[in-house]
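Worksheet for the structure shown next.
No lab work stands behind these numbers, since they all come straight from the coordinates. Just so it is clear, the structure is predicted and the values come from calculations on it, not from any experiment. Glycine gets a Cβ as well: all are built from the backbone with ideal geometry, and neighbour counts include every protein chain shown.
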Amino acid sequence: MRTPEILLLGGPNSGKTHYAGQLYGRLKRRPKNLKIRSGDGSSVNLTALEGVLTNLEDGNAAEHTPSEQYDQILFPLVDSKNNELDLYWPDYGGEQLKLLFQQREVPAAWRERLESSNGWLLFIRLSSETTYPDAIAKLASLPEQRPEKNLRQETWDANAYWIELLQILCSVANYGITSKESKPPLAILLSCFDEYRTEGKEPKDVLKETLPLFYKFISSNWLESNLSIWGVSALGKSLSHDSNDDDFIDDGPEYQGWVIPHNETYENTDLTAPICWLIDKTT
Ligand SMILES: Nc1nc2c(ncn2[C@@H]2O[C@H](COP(=O)(O)OP(=O)(O)OP(=O)(O)O)[C@@H](O)[C@H]2O)c(=O)[nH]1
Ligand SMILES: [Mg+2]
């Protein structure tokens, strides 16, 4: 049996927990290529995700994950060819990743996860990323249009943040920075993509336009065959803690949410597709 370990990378509020909950709902109630192995479910800690699904069934958003929490969830799966696999799936408070970046220190537990993981899944919620694209243009502008004071920016530009973070992680996991061949397969999920709809564009082109330097970095440092970029909306819309959304209540959470696959421009309801891609790459 195969036991792929996926390392989930994503900051706070990037949609990790809702994606995990929706993934669980799809695997359990509306399976496609992967489904939950019957009989094994009771022995596995999927309670946290049951809680997320319960909230979604009522048409409401689930809770934020406490920053110190780290859950290792095990999905006992079987694929369309009847191969059994145990997928190890983490969920944690996204502040942990931010802290690791700020302190430039990787705790021992994260070091082990980095070394033992077979594939990386990176969540980027473009609508909440900060960039400073006009700095050069402003310098060249007329003196009266320039800011009076040189305002010090407290937040990193998202391009620099993600490049720096991936460099730290690659270095700690002993992948080296420059060798493309040794890097693990990387799936980038542009999460909450319903907030960032760009009709008719491939997710990779949206990333290229929004975070051009970061896009250049990953294209230069990962093999093309080991890199995929997806537009993902786990919920299909925004929910709040008391939205009581009718579509979720009437049809069920398993009928909500979509992905735009790598190199494609259309939505598809198979939320498991990025995971299938990663699992396929880890064999
Ligand atoms: N519009 C929209 N909002 C979403 C979607 N998925 C999640 N959200 C919202 O985004 C917020 C954060 O989602 P979470 O899944 O809790 O994010 P997280 O990465 O687990 O955050 P932490 O637990 O803080 O690390 C919540 O308010 C969700 O309701 C989506 O597909 N579309
Ligand atoms: Mg969470």
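Among VAL206, VAL106, VAL52, what is the fewest-to-most ranking by other Cβ atoms within 10 Å?
So the ranking, lowest neighbour count to highest, is VAL106, VAL206, VAL52.
In what order do GLU57, GLU199, GLU254 fall by count of nearby beta-carbon atoms within 10 Å, going from fewest to most?
The most exposed by this proxy come first: GLU199, GLU57, GLU254.
What's the extension gain from GLU224 to GLU267 if we count 0.36 nm per residue and subtract their Cα-Cα distance?
My answer for the length gained is 13.2 nm.
I'd like the FRET efficiency for HIS64 and CYS276, computed as 1/(1 + (r/R0)^6) with the beta carbon distance as r and R0 of 25 Å, rounded to 0.05.
With a Förster radius of 25 Å, E is 0.35.
Which shape class applies to the chain: rounded if a/c is under 1.5, otherwise prolate when a/b exceeds b/c and oblate if not, where a ≥ b ≥ c are the square roots of the Cα gyration tensor eigenvalues?
Prolate shape, in that a/c is at least 1.5 and a/b is the bigger ratio.
For the peptides 171-182, 232-243, what is the packing order when you average, over each peptide's residues, the other Cβ atoms within 10 Å and list the highest mean first?
Packing order, densest peptide first, comes out as 232-243, 171-182.
Which of the residue pairs LYS16/LYS208; LYS35/LYS180; LYS98/LYS208; LYS28/LYS237; LYS35/LYS98 have a Cα-Cα distance greater than 27 Å in the structure shown?
LYS35/LYS180; LYS35/LYS98
In what sequence do CYS192, CYS170 fall when counting other Cβ within 10 Å, fewest first?
Fewest-to-most Cβ neighbours within 10 Å comes out as CYS170, CYS192.
Collect residues whose amide H, placed 1.01 Å from N in the peptide plane, falls under 5 Å from the amide H of GLY257; neighbours closer than 5 in sequence don't count.
Excluding prolines and chain starts, which carry no amide H, the hits are GLY236.
Contour minus end-to-end for GLU84 and THR178, with contour as 0.36 nm per residue of separation and end-to-end as the Cα-Cα distance?
Contour length minus Cα-Cα distance gives 30.3 nm.
Just subtract the alpha-carbon distance of ALA108 and ALA160 from 0.36 nm times their residue separation and send over the number in nm, one decimal.
Separation in residues times 0.36 nm, less the Cα-Cα distance, equals 16.2 nm.
I need the peptides 17-29, 60-72, 111-123 ranked by packing, meaning the mean over residues of other C-beta atoms within 10 angstrom, with the highest value on top.
With the highest mean Cβ count within 10 Å placed first, the list reads 17-29, 111-123, 60-72.
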